[in-house]
Amino acid sequence: MSQVTAAAEAPDSAVSAPPGLVRDALKGPQALVGLALLATFVAIALLQPVLLSQDSTTKVGAVFAPPSREHVLGLDGGGADMVALLIDGTRVSLLVGFAAALVSAVIGGLVGLTSGFFGGKTDITLMRLTDYFIVIPDIPLMIVAAALFGRSLTNIIVIIGIIYWTTTARLLRAQVKSVRERVYVRRARGLGAGNLWLIRKHVVPQIAPLLIANTVLLVAYAIFAETFITFLGLGDPSVISWGRLIENAFTDDAILNDAWWTIVPPGVCVAIVVLAATMVGSSIEDALNPRLAVGHLSVRRFGLRVLPQMPPRGERSATTPPPTGAAAPGKGRR
Amino acid sequence: MRGADYVLKRIFFAIVTVFVAITLNFVLFRALPGDAIQSLRCRQCTEQFKEALRHDLGLDKSKWEQYKLYLQDLAHGDLGDSLRTQKAVRSELWEPIRNTLAMVALGTVFSIILGVVVGVVSAWRRGTFADRAGLWTGLTFYSMPPQWLGLMIVLFVASSIGLPTSGISDPSLGILTEPSGWTLFVDRLKHMILPAATLGLVLFGEYAIIVRSAMLETLGEDYVLTARAKGLSNWATVWRHGLRNALLPVITLIALSLGLIIGGSITIEYVFSYPGIGLQVVEAIDQRDFPILQGAFLLLTFAVILFNLLADLLYFKLDPRITT
Amino acid sequence: MSEPLLSVEELHVWFGLKGDAELHAVKGVSFALEPGERFGLVGESGCGKTTTILGLMGLLPPNASVAGRVVLEGENILAEGETTVQPHRWHDVAMVFQGAMNAFNPVKTVGKQIVEPMELHEVAEGNQAWRRAGELLETVGISASRASRYPHEFSGGMRQRAAIAMALACTPKVLLADEPTTALDVMVQAQILELLVGLSDDFGLALILVTHDLPVVAQVCGRAAVMYAGEIMEEGPTDVLYHDPRHPYTRLLFAATPDIEGEGDVASIPGVPPRLDVPIPGCPFAPRCDRTFEPCPDVKPRYLAVGAGHRAACHLNDPAIAKAS
């Protein structure tokens, strides 16, 4: 196997996942912030019909009108309110993100599960296949596929989902393989447990955290990928997404008009959501794979202390207090 | 030679992957429901013309026939002709590829240098503000769509720095006097800086994270303790023992991020009107010039496969621990 | 009496923990090493032996602080921290670490790593250095041609020997060997120990051997110190420690080692070592001691002479305490 594909595999798939791992991981500050941010955007997306009284693309004022009290983020190249457009875009961007991630997780999950669990010829064939596909560059493939088949939201979701299944598949396969070899699984099999039961009861709980972490990260990728597709004019023309807003700003020559308010906000939204999803996903991943934070020898210097003059041990009586560290920090400290 | 069989195995794998890519390319482009020619828009595209074109391109033959023809053409280096300009795809893409290569190389160098510096500092000052700040900055840039970052740079930065934001050369250069080779070179470089910088900023975060992990792992190793015990200074220890080992994963990572590098450069070239292969792709999409699109995608895929092979072999050479 | 080669005086090491807490890992350790002498530092895992030798060469992580004097040939090398210690590293005091498997950088040849300290301390350079590296390898029983090989091409025992060769690169006066034979099989262990003894005899190399393996100490070292919970409990000639221990811990420790000839029971010491992040007012061994009595938990025992070159920190040896009780 090549070094590259080896690197694409799970770093340490032999770590077992204790129950409640995901829940505990999500309690950490990093995950909480990420979840809060994601929840905010999801709320906005869900509340969209309530928040918007009319179609977001309706012209409500002058083209490229700067931010004002009435329209906090100004108007775009078509005179539509940026805030309304952003709210609308939230819905589609998040939809694409979650849906594509789901597609990817399902395909990758099934392939990884089958491959890892059944091993043998199935495994080898499937992995050979993924090995070849890993090398083909993902985003260009997506762009080409979108150019050929795109222009509708469903197609885009499917395209993004299909492109990303390989990483999930490899990750899961490694994990499933190690779980399959665990003692308790062998024992259960010895007791006559069927494959499906084994999968359900033993394999799935063990791989669930990894799958969840990976899916969350896939959401980030998918939202990111959507902006590529729409920017090149391949998006669904009937919907507004953040990627679309960036494209509009570009094609409407927002730069010439110095209309930063049409460019900055949609990108900020994408960056925040991607960052938030990354925070959540990597928190779970970290919990699974506690990197032994050893670094016992960071190349900084040790500190030297100057102690008050102490009589040597032999001469000390019971009343001499032992030396403590409470002395002035000495020389040699960096 | 050590591992001659490993090298052969990897080369063979690369060749097979090339074949898979070619087939995929064919399948994608010919699997269209409907016809590429049908949606063609151009001035002389009458029905007759389209029929003739179809015949010319062999689109009226069976899929299998077409596949064989395709392979034959490729064997001769023929990537077809652009539907728009009627010129060979190969010649249309020749100059753009070189432009893109230069820009992407520059951008990747930026990102590696930045990533390594941030990664090393983060590992060195682990747990401190410098560590976290470096990583989060990297992650934040990594979360920004490259085209948006490019737009932001054009909007806020370009004018104050005085760098050009489009094209690859200053059209006014050759007008009055014959510019020297050096002037031309500098001019080209100036036009490359912003797009390359955009690419570099998007990518460095990932490299920083990986360099940091690798450094931390390395710094915890006994041979680093031994190096210090020998009397090496902190700096010398990091430089001689830490860095080399920490850089190995970067090679792998570049190979893995090629998809993003290419995708990113496509959108970045669009923003900066930089005449590279990315811009060709965008125009081809817009004008439904499928031969160009197909040719560009094929060439890009070949480049990625080649790079993966080189990365594999380089890693193999640099790390004597790897045995086949 | 002549000046000892290396004299460690009241060495303390603290590790900073989260918040303001501290771990007092080494508490006032003192011992002296004569030129060419082989000295053992024994104790259970975690008693502070490794920390002690790392500390005396200033090789501790940044959360550590050190106090005390380390006098090498008359000079207090810890006086100004890094600046005074660094020139002596390897050149005067070299180290062979636990698990020397990893002491070598995997991506550089062994030869290059042996040459490295030579060039650093300006002992030799270029071809001369490489030749010397070859000679050193021959000294430890490895063919000189192997210098151009990588560490993973050596077996465990060979790597350890190569690490010793590397340690000798600048002809140091003291070799600190931390568990040099752990994780090696018995035959190889014997070879390594023989090698160390030979080097010490032939080149006048002083050796501090840190180990938890008592038979090794008995075989190699003339004198030894027994450490527990960061303090030295007893110090003296090895055979005296074996046959006339004056500290219950020493006695129990040696008793816990199965005697290949004897029929005695293998005893183990019940209990666990104390925590080092809280100060211990009395004797640290008191909770596990079989001879503990009234003053032990509250009063720190004095470190007294109990024979020629033999000292122990136990109230049982203290006439003053005996008088009081």
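Would you calculate the separation in nanometres between label points at C:ALA320 and A:ASN257, each defined as 7 Å from the Cα along the Cα-to-beta-carbon direction?
Computed distance between label sites C:ALA320 and A:ASN257 equals 9.2 nm.
Only counting other Cβ atoms within 10 Å, I'd like B:MET215, A:MET279, B:MET152 sorted with the fewest neighbours first.
Fewest-to-most Cβ neighbours within 10 Å comes out as B:MET152, A:MET279, B:MET215.
Please turn the phi angles of the range B:224-241 into ³J(HN,Hα) values with the Karplus equation 6.51 cos²θ - 1.76 cosθ + 1.60 (θ = phi - 60°), one per residue in order, whole Hz, x for glycine and proline.
6, 4, 4, 4, 5, 5, 6, x, 5, 6, 3, 4, 4, 4, 4, 5, 7, 10
Would you grab the residues whose amide H sits under 5 Å from the one on C:GLY307? Only those 5+ places off in sequence or on another chain, please, with H modelled 1.01 Å from N.
none
Based on other C-beta atoms within 10 Å, arrange C:TYR303, B:TYR274 from fewest to most.
Ranking C:TYR303, B:TYR274 by Cβ neighbours within 10 Å, fewest first, gives C:TYR303, B:TYR274.
Within a Cβ distance under 13 Å of A:LEU129, other residues only, what is the Lys/Arg minus Asp/Glu net charge?
+2
Just going by the charge dipole of the range A:19-289, with Lys and Arg at +1 and Asp and Glu at -1 on Cβ, which of A:VAL103, A:PHE64, A:ALA169 is farthest out on the positive end?
Comparing the listed Cα positions along the dipole, A:ALA169 ranks first.
When the Cα atoms of the range A:126-219 are enclosed in a convex hull and the volume is divided per residue, what value in Å³ results?
With only Cα atoms used, the range A:126-219 gives 117 Å³ per residue.
Whose amide H sits under 5 Å from the amide H of C:MET233, counting only residues 5 or more places off or on another chain, with H placed in the peptide plane?
HN-HN under 5 Å from C:MET233: C:VAL226, C:MET227, C:TYR228.
Residue by residue through the range A:199-207, which ³J(HN,Hα) values in whole Hz follow from phi under the Karplus form 6.51 cos²θ - 1.76 cosθ + 1.60 (θ = phi - 60°), with glycine and proline marked x?
4, 5, 7, 10, 5, 4, x, 6, 8
Highest first, please rank the peptides B:293-300, C:243-250, C:119-126 by the mean number of other Cβ atoms sitting within 10 Å of their residues.
So the order, starting with the most tightly packed, is B:293-300, C:243-250, C:119-126.
Around B:ASP81, which amide H atoms from residues at least 5 apart in sequence, or from another chain, sit under 5 Å from its own amide H, with H modelled in the peptide plane?
Excluding prolines and chain starts, which carry no amide H, the hits are B:VAL89.
May I ask what percent, to the nearest 5, of DSSP beta bridges between residues of the protein assembly as shown are antiparallel?
Counting DSSP beta bridges with both partners in the protein assembly as shown, the antiparallel share is about 60 percent.
Per residue, how much space in cubic angstrom lies within the convex hull of the C-alpha atoms of the range A:19-289?
141
Taking every residue in C:82-95, how many Cβ atoms of other protein chains lie within 10 Å of its Cβ, on average?
Mean shielding count: 4.
Suppose each label sits 7 Å from its Cα in the direction of the beta carbon; what would the C:PHE203-C:ALA256 distance come out to in nanometres?
If labels sit at C:PHE203 and C:ALA256, their model points lie 3.4 nm apart.
Quick one: which of B:68-77, C:286-295, A:265-274, A:136-145 comes out on top by average Cβ neighbours within 10 Å, and what's the full order, highest first?
A:136-145, A:265-274, C:286-295, B:68-77
Using the Cα centre of chain B as the reference point, and only Cβ charges (+1 on K/R, -1 on D/E), how large is the resulting charge dipole? Debye, rounded to the nearest 20.
I would put it at about 960 debye.
Read phi for every residue in the range A:131-142 and hand back ³J(HN,Hα) as whole Hz from Karplus 6.51 cos²θ - 1.76 cosθ + 1.60, θ = phi - 60°, with x for Gly and Pro.
Once θ is set to phi - 60°, the couplings for the range A:131-142 become 3, 5, 6, 4, 6, 5, x, 5, 5, x, 4, 4 Hz.
Give the residue from B:VAL16, B:LEU155, B:ILE209 lying farthest towards the positive end of the charge dipole for chain B; charges sit on Cβ (+1 for Lys and Arg, -1 for Asp and Glu) and the dipole is referred to the Cα centre.
Ranked along the dipole, the leading option is B:ILE209.
Pop the C-beta distance of B:ILE11 and B:SER180 into the FRET formula with R0 = 60 Å and round what comes out to the nearest 0.05.
Computed FRET efficiency for B:ILE11 and B:SER180 comes out at 0.90.
Calculate log10 I(q)/I(0) of the protein assembly as shown for q = 0.07 Å⁻¹, where I(q) comes from the Debye formula with a single equal point scatterer on each Cα and nothing for solvent.
-0.76
Calculate, for B:VAL27 and A:VAL268, the FRET efficiency according to 1/(1 + (r/R0)^6) with r their C-beta to C-beta distance and R0 41 Å; round to the nearest 0.05.
0.55
Positive end of the charge dipole of the protein assembly as shown (Lys, Arg +1 and Asp, Glu -1 on Cβ, about the Cα centre): tell me which of C:ILE208, C:THR109, B:LEU293 has its Cα farthest that way.
B:LEU293
Order these peptides, B:201-209, A:26-34, A:46-54, C:201-209, by their mean beta-carbon neighbour count within 10 angstrom, highest first.
Going from most to least packed, we get B:201-209, C:201-209, A:26-34, A:46-54.
Dividing the convex hull volume of the Cα atoms of chain B by its residue count, what figure in Å³ per residue is obtained?
Hull volume normalised by residue count: 198 Å³.
How far, in degrees from 0 to 90, does helix B:89-124 lean away from the longest principal axis of the Cα atoms of chain B, to the nearest 10?
On a 0 to 90 degree scale, this one is about 20.
Rounded to the nearest 20 debye, what is the charge dipole size of the range A:19-289 about its Cα centre when +1 sits on each Lys and Arg Cβ and -1 on each Asp and Glu Cβ?
Magnitude of the dipole: close to 1860 debye.
Each label point is 7 Å from the Cα along the Cα-to-Cβ direction; what then is the distance between the points at A:ASP55 and A:LEU196, in nm?
Inter-label distance under the simple model: 4.9 nm.
To the nearest 20 debye, what charge dipole does the protein assembly as shown have about its Cα centre, counting +1 at the Cβ of each Lys and Arg and -1 at the Cβ of each Asp and Glu?
For the protein assembly as shown, the charge dipole is close to 1200 debye.
Nearest 5 percent is fine: what portion of the DSSP beta bridges confined to the range C:116-236 is antiparallel?
Once the DSSP bridges in the range C:116-236 are tallied, antiparallel ones form about 50 percent.
Pop the C-beta distance of A:ALA36 and A:THR122 into the FRET formula with R0 = 56 Å and round what comes out to the nearest 0.05.
Efficiency, rounded to the nearest 0.05: 0.85.
Read-outs throughout are calculated quantities, based only on the coordinates presented, and are distinct from any laboratory measurement. Everything numeric in this text was worked out from a predicted model, so none of it was measured. Here Cβ is always computed from backbone atoms with ideal geometry, including for glycine, and neighbour counts include all displayed protein chains.
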